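The values are calculated or read from the model by the stated rules, or taken from the named source; none is laboratory data. If you're wondering where the values come from, they're calculated on a predicted model, not measured in any experiment. Reconstructed Cβ throughout: ideal geometry from the backbone, glycine too, with neighbour counts over all protein chains shown.
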């Protein structure tokens, strides 16, 4: 069910509605809200120094409170002023659908929230990552335009059967790693199956390449100088563990170019390298190069 508080949602293509759910707000427990508060207070304290300047301001501009899990209906009223909207989904959705939502100025927000034992980092999408990670930086008009443009390009990219199999393998591994009751043997088997699929991908499709660009910018992007980059990627903004890892000298900082499309990633592990764009305008320049 889509919340009617934002007119953008009423114009979504019907085939995207299958992914939308009603946010189960009343199902969030006191523990869930406590996890939200803990992560947000830690992140705001730390990221106030290391994140892009729009992060703190953007939390307020997109309706994200430090004190409680955001209510999607309230968020949509506020996001409407920025020309954006948000929908709740149940975990992973296919990459092409995710990007098509972006093309329509809609943020996709997983309704679940991480457990206490995965408070620093969760391998599966959750509302901390989606809301507190993705939403704040869209308050920057140049970045918001990039996100929409990326969705337009990405939703038209050709994908292969191998892409879908890889997506399902990543989805399965992320889900079982997020479940504290999963046996270690099951995780190792899923990791092995994912590794086999990654090695058998062959020549990468358009979707595989643009998915990499999305990961190294929207999810794990840095901005500024190589010596003192700031965080803007949602995966870093929403993870205490990952954001601290940015300062690690063992994490290579690479100037962002079209070559980032050739770098694959592992969604379940800390990233060994990160890409730094000088500014948000450069992101669009690289995307234009990819589109051409």
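At a glance:
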{"read-out": "Boolean, residue 149 is surrounded by 15 or more Cβ atoms within 10 Å (Cβ to Cβ), closer than 30 Å to residue 77 by Cβ and touching a strand residue (DSSP E or B) at 6+ places or on another chain (Cβ under 6 Å)", "value": "no"}
{"read-out": "Region 45-64: number of residues that are surrounded by 16 or more Cβ atoms within 10 Å (Cβ to Cβ) and modelled with pLDDT of 90 or more", "value": "10"}
{"read-out": "Members of region 75-95 that are surrounded by fewer than 19 Cβ atoms within 10 Å (Cβ to Cβ) and in contact (Cβ under 8 Å) with a residue 60 or more places away in the chain", "value": "77, 80, 82, 83, 90, 91, 94"}
{"read-out": "Within region 18-97, helices (runs of 4 or more DSSP H) holding 3 or more residues that are touching a strand residue (DSSP E or B) at 6+ places or on another chain (Cβ under 6 Å)", "value": "72-79"}
{"read-out": "The one condition in (1) surrounded by 20 or more Cβ atoms within 10 Å (Cβ to Cβ); (2) within 21 Å of residue 168 (Cβ to Cβ) that residue 223 fails to fulfil", "value": "(2)"}
